[in-house]
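Only the coordinates and a few stated rules stand behind these numbers; no lab work does. This is a predicted model, so every value here is computed, not measured. All Cβ positions, glycine included, derive from the backbone under ideal geometry; neighbour counts span all protein chains shown.
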């Protein structure tokens, strides 16, 4: 069995159809879709790096209970996530307001979405959320007094309100657990069970929102995931 890291590891493993059972850590849903399409090669298990969509929606429900309309920018690469997002949102009474954004130099789709949303949820799509777009995204959303949640912990440092994330300790806990089982029993893909919440107190203050209690919110979300 093999343990590999990141996209170059997956690319290397995909060259060999007869390779051993392999766990690839730190692959995003988008990266897997771009490399594999809708197929999934045998004997390869993927540990996702991006936060689970259901967990991010529950984070919003916890820290912004008044928010009903969840604005989501998407591109050609991330469009496949929308049906899943809507499926999770419906039982929570949340509405997904999706807006395609093909040309990041054109702010109109973003402005249009901001007018029709209570909060923005960032998908982990580097075409949309990257160093070139960060300033426009954050300044535009805060000009409308709208928080951005996600797409990942790095973006929270840059100025989004909060996100769930899993770190190295959480990935290693998954690895530990899987290595106790024969590779034939490994799931084809999974999210780390353990996770943390990170918030940006300065952003919360400037939006007049209560500061995110990272430990308490993470505990509430984890408790909710334990219940069937």
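A few remarks follow.
- For segment 124-171 versus segment 69-117, the gap between their alpha-carbon centres in whole angstrom: 15 Å
- Between 0 and 90°, nearest 10: helix 53-63 axis offset from the chain longest Cα axis: 40 degrees
- In the chain, the longest principal axis of the Cα atoms and the axis of helix 214-226 are about 60 degrees apart.
- Choice from 76, 49, 141 with maximal GNM fluctuation in the chain (Cα, 10 Å cutoff): 76
- Sorting 213, 125 from the fewest to the most surrounding beta carbons within 10 angstrom yields 213, 125.
- On Cα atoms only, tilt of 134-143 relative to the major axis of the chain in degrees: 40 degrees
- Ranked list, fewest to most other Cβ atoms within 10 Å of each Cβ, for 215, 22: 215, 22
- Sorted ascending by nearby beta carbons within 10 Å, beginning with the fewest, 124, 16, 118, 6 become 16, 6, 118, 124.
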